[in-house]
Amino acid sequence: MLEGILLTIITAATPLLFAAIGELVTERSGVLNLGVEGMMAMGAVVGFAVAHTTGSFGLGILGAIFAGMAMAALFGVVTLIFVANQVASGLALTLFGLGLSGLIGDAFVGVPGAGLARVSIPVLSDLPVVGLLFRLDPLTYLAIAITIGVSWFLFRMRGGLILRAVGDSHASAHALGYSVIRVRFMAVLFGGACSGLAGAYLSLVYTPQWTQAMTAGRGWIALALVVFATWLPRRVLIGALLFGGVSILQLHAQALGVGVPSQFLSALPYLTTIVVLVIISRNRALVRANTPAALGQSFVPDR
Amino acid sequence: MRIELVRRGERSAAMAYLSPLLALLLTLIGGALIVIVWRVVATDLSAPDSGGLAGALGRGFSDYGKFLYVFFVEPLTAMWSIEDLIAKATPIILIAMGLSLCFLSNTWNIGAEGQIAAGAIAGSFLPIFFPDWQGPFILPAMLILGILGGMAYAAIPALLKIRFGTNEILTSLMLVYVAQLFLDWLARGPWRNPAGHNFPDSRPFDGDQLLPMLFGTNIRISILFVFIAAFAAWFLMRWTKTGFQIRVLGQAPRAGAFAGFSQSRMVLLTFLISGALAGLAGVCEVAGPVGQLRTTVSPGYGFTAIIVAFLGRLNPIGAIFAGFLLALSYLGGEGAQIALGMSDQTTRVFQGMLLFFVLACDSFIFYRLQIVRRPVTQTQAVAS
């Protein structure tokens with residue numbers, strides 16, 4: 001029972017982790033991309049469509065990554081090259097992504113998907129309770145690996161230092177000779193790839209099928225997760241488990257016969273997001289400590 | 001050689017008017033690409049009568065012709081569809097006017113879709129609990145409740161931002177999901193019509209509980225609210241100190257702060273105004289075209305209004321023109337579904353694309369494209 005609950009929490013947390021860690025890197029470079037929901041939806045539909053047509057799970061994942069990156073590239077061109085407002089462009093990306101995914105996915109509504117087998121690591125997976133951590137699906141391992149990798153990259157590598165410098169002061173980074181636009185474009189593309197993976201996880205593993213608007217606001221929750229994590233990768237991991245836990249609470253509450261209307265339980269993740277945002281934002285020093293100083297600001301080099 | 005953006009000496013007045021038109025043109029080109037690709041993908045090229053790729057492309061172009069016709073011409077050919085267009089444009093324009101004020105002051109209310117639901121719920125309270133109440137006071141009371149409902153719901157993200165510094169984009173958006181789930185529960189549960197054969201909607205409103213029609217047409221008096229709101233918004237921005245403060249705080253927050261203008265007051269004010277208008281739009285839907293409270297009151301008007309606000313240059317008169325164009329996209333989406341069998345999501349694709357192009361083209365107001373030859377760097381100069 002307990003193991004089952006833990007497993008569903010981890011499964012619900014994985015797409016949030018993917019999307020949030022990607023957005024974290026994007027925001028660390030100073031770009032606020034509110035289009036996560038749209039990129040996720042595209043990742044979900046393209047991942048499902050490719051996996052279903054080719055019969056290959058791996059190709060589906062690659063397709064989803066590509067779809068997320070293509071969407072992110074669109075956002076990058078509009079906001080970084082044409083210096084459009086990032087908030088409005090992110091919303092446009094979400095509207096466009098939700099619409100286009102519906103258009104593409106029209107042919108795949110009701111088509112059953114395959115799902116993905118879990119990978120067991122011998123011996124370790126037989127341990128009580130802890131063994132659970134060695135019986136997850138490969139994508140969850142990938143999400144954790146990416147999170148650790150991002151943390152390592154941002155704080156231990158030269159590239160990460162440059163990325164953070166660009167996000168904190170694009171003028172200084174530019175004066176030092178770094179290409180602000182190029183660094184930001186790469187960060188935006190990385191965010192898109194991760195969002196695509198998050199979407200593919202939903203349509204290929206979480207609920208192996210495609211339905212309209214199946215992202216259900218997870219992209220927005222991932223954005224809130226970045227604030228919750230105060231732009232630190234390890235806290236994203238904790239936050240994803242917390243929000244994953246809240247979102248599956250409704251399933252178990254329903255099973256236990258709690259007499260609360262299902263709509264109220266479905267509203268829990270969104271209400272929790274608001275409450276958590278309030279709690280975190282109250283401590284302004286904590287939020288400010290790691291917020292990229294140039295977040296959301298456009299950059300045009302002066303000559 | 002590469003292409004760069006170069007800041008203009010001053011903003012280009014010509015581009016301010018041209019950029020929405022340029023954006024529309026680009027959207028039409030983008031739409032053509034999508035329809036043609038959709039047609040080619042949907043065609044089985046190996047079938048003997050498909051005519052191969054050339055045949056599929058040809059059908060794609062002819063489909064796009066049909067698509068343009070159902071999107072932009074057909075809705076204007078019959079009186080009933082013009083009335084439908086006005087019915088759809090009314091809520092979009094009302095909401096967009098409020099959002100324009102918000103965005104002008106650099107405040108981001110993204111939750112209008114939830115404020116519509118809040119307004120619809122608050123406005124439905126009277127006809128659902130007092131079904132027999134008729135007379136001249138019921139409708140004004142419903143409208144006032146709807147406005148207050150939208151305002152109260154919009155006040156939540158505004159107050160959270162002022163008191164705790166919470167990001168209003170995320171909270172207002174989360175509240176959309178909460179409002180929609182609450183509405184869903186009401187319409188299926190306690191407020192469901194007991195005589196409604198288990199359909200998830202409330203009792204139908206009737207008589208004085210509905211918005212009257214204008215001059216024997218199907219156009220409801222809610223269209224008048226659009227003109228009242230436009231005049232009020234224009235007056236506020238043009239003639240009042242508050243309008244001036246909104247503009248200053250939006251364009252130069254630091255200058256506004258030095259001048260002693262309160263950012264917090266402006267956040268609350270613009271959220272309340274936009275919430276009130278979204279609430280009004282919500283109650284006008286249930287007391288108008290919908291005629292009862294349902295699980296979904298709006299097909300995304302709150303999000304469409306964001307596009308309208310930008311396309312209309314954050315200006316009340318611009319919002320009216322842009323609102324009619326975007327209302328067309330709803331009718332066009334329905335038309336594309338019937339005539340071509342494309343998903344109803346075509347509307348959203350079109351809307352998202354339009355917003356992208358509007359935002360990108362807007363940069364031509366302050367910048368111009370310039371082709372620059374890569375300057376000879378020092379190392380290259382030395383080497384040669």
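The values are calculated or read from the model by the stated rules, or taken from the named source; none is laboratory data. Since this is a predicted model, take the numbers as computed values, not measurements. In this analysis, Cβ positions are derived from the backbone assuming ideal geometry, glycine residues included, and neighbour counts consider all displayed protein chains. Heads up: the accessible areas ignore ligands, DNA and RNA and are worked out on the full protein's heavy atoms, side chains in. Shrake-Rupley method; radii C 1.70, N 1.55, O 1.52, S 1.80 Å.
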**Request:** Looking only at region B:87-109, decide whether some residue is over 30 Å from residue B:236 (Cβ atoms) and of a type in the set (Gly, Ala, Ser).
**Result:** no
**Message:** Tell me the residue from A:109, A:83 that is open to solvent by 10 Å² or more (accessible area, probe 1.4 Å), touching a residue at least 60 places away in the same chain (Cβ under 8 Å) and within 9 Å of chain B (Cβ to nearest Cβ), please.
**Reply:** A:83
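Let's see how each residue does on (1) touching a Phe, Trp or Tyr at 6+ places or on another chain (Cβ under 7 Å); (2) without any contact (Cβ under 8 Å) to a residue 60 or more places away in the chain; (3) at the interface with chain B (Cβ under 9 Å from one of its Cβ atoms); (4) part of a helix (DSSP H, G or I):
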{"position": "A:58", "(1), (2), (3), (4)": "no, yes, no, yes"}
{"position": "A:62", "(1), (2), (3), (4)": "no, yes, no, yes"}
{"position": "A:66", "(1), (2), (3), (4)": "no, no, no, yes"}
{"position": "A:69", "(1), (2), (3), (4)": "no, no, no, yes"}
{"position": "A:87", "(1), (2), (3), (4)": "yes, no, yes, yes"}
{"position": "A:94", "(1), (2), (3), (4)": "no, no, yes, yes"}
{"position": "A:97", "(1), (2), (3), (4)": "no, no, yes, yes"}
{"position": "A:105", "(1), (2), (3), (4)": "yes, no, yes, yes"}
**Prompt:** Hey, among the residues in region B:299-317 that are open to solvent by 10 Å² or more (accessible area, probe 1.4 Å) and outside any helix (DSSP H, G or I), which one's farthest from the other protein chains (Cβ to nearest Cβ)?
**Reply:** B:315
**Prompt:** Can you pull out the residues in region B:152-163 that are surrounded by fewer than 24 Cβ atoms within 10 Å (Cβ to Cβ) and either more than 13 Å from residue A:278 (Cα to Cα) or within 23 Å of the chain's Cα centre (by Cα) (or both)?
**Reply:** B:152, B:155, B:156
**Fill in**
When every residue in region B:105-133 that is within 16 Å of the chain's Cα centre (by Cα) and among the hydrophobic types (A, V, I, L, M, F, W, C) is compared, the one nearest to residue B:274 (Cα to Cα) is B:112
**Request:** Kindly establish whether residue A:75 is surrounded by fewer than 24 Cβ atoms within 10 Å (Cβ to Cβ) and either under 30 Å from residue A:166 (Cα atoms) or away from chain B (no Cβ under 14 Å) (or both).
**Result:** no
**Prompt:** Taking interchain pairs and intrachain pairs at least six residues apart, which have beta carbon atoms under 8 angstrom, with the first residue in region B:31-51 and within 13 Å of chain A (Cβ to nearest Cβ) and under 24 Å from residue B:70 (Cβ atoms) and the second modelled with pLDDT of 75 or more and not in a helix (DSSP H, G or I)?
**Reply:** B:35/B:342; B:38/B:342
**Prompt:** If you take the residues in region A:229-243 that are part of a helix (DSSP H, G or I) and open to solvent by less than 10 Å² (accessible area, probe 1.4 Å), which one is nearest to residue A:147 (Cα to Cα)?
**Reply:** A:233
**Request:** Return the total of residues in region A:180-227 being surrounded by fewer than 20 Cβ atoms within 10 Å (Cβ to Cβ), among the hydroxyl-bearing types (Ser, Thr, Tyr) and touching a helix residue (DSSP H, G or I) at 6+ places or on another chain (Cβ under 9 Å).
**Result:** 1
**Prompt:** Could you list, in sequence order, the residues of region B:350-363 that are facing another protein chain (nearest Cβ under 7 Å) and not hydroxyl-bearing (Ser, Thr, Tyr)?
**Reply:** B:351, B:352, B:353, B:355, B:356, B:359, B:360, B:362
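Residue-wise test of (1) among the hydrophobic types (A, V, I, L, M, F, W, C); (2) in contact with a Lys or Arg (Cβ under 8 Å, 6 or more places away or on another chain); (3) over 15 Å from residue A:191 (Cα atoms); (4) open to solvent by less than 30 Å² (accessible area, probe 1.4 Å).
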{"position": "A:10", "(1), (2), (3), (4)": "yes, no, yes, yes"}
{"position": "A:27", "(1), (2), (3), (4)": "no, no, no, yes"}
{"position": "A:31", "(1), (2), (3), (4)": "yes, yes, no, yes"}
{"position": "A:38", "(1), (2), (3), (4)": "no, no, no, yes"}
{"position": "A:43", "(1), (2), (3), (4)": "no, no, no, yes"}
{"position": "A:47", "(1), (2), (3), (4)": "no, no, yes, yes"}
{"position": "A:58", "(1), (2), (3), (4)": "no, no, yes, no"}
**Request:** Those residues that are more than 9 Å from every other protein chain (Cβ to nearest Cβ), more than 20 Å from the chain's Cα centre (by Cα), in a helix (DSSP H, G or I) and touching a residue at least 12 places away in the same chain (Cβ under 8 Å), I need them from region A:275-303; list them, please.
**Result:** A:286, A:289
**Asked** Would region A:267-274 turn up any residue that is free of Cβ contacts under 8 Å to residues at least 12 places away in the same chain and open to solvent by 40 Å² or more (accessible area, probe 1.4 Å)?
**Response** yes
**Matching residues, region B:129-140, being within 15 Å of residue B:288 (Cα to Cα) and open to solvent by less than 40 Å² (accessible area, probe 1.4 Å)** = B:138, B:139
**Asked** Which residues, counting only those in region A:214-226, are assigned to a loop (DSSP other than H, G, I, E, B) and over 12 Å from residue A:43 (Cα atoms)?
**Response** A:216, A:217
**Request:** Return the residue satisfying two criteria in turn: it lies in region B:164-201 and is of a type in the set (Gly, Ala, Ser) and surrounded by fewer than 23 Cβ atoms within 10 Å (Cβ to Cβ), and of such residues it is farthest from the other protein chains (Cβ to nearest Cβ).
**Result:** B:195
**Complete:** Pairs returned, first residue in region B:334-349 that is more than 9 Å from every other protein chain (Cβ to nearest Cβ), second residue that is among the aliphatic types (A, V, I, L, M) and open to solvent by less than 50 Å² (accessible area, probe 1.4 Å), beta-carbon separation under 7 angstrom, 6 or more apart or interchain, are B:335/B:70; B:336/B:70; B:336/B:342; B:339/B:70
**Message:** Of everything in region A:232-267, what is in contact with a Pro (Cβ under 7 Å, 6 or more places away or on another chain) and either modelled with pLDDT of 85 or more or among the acidic types (Asp, Glu) (or both)? Give them in sequence order.
**Reply:** A:243, A:246
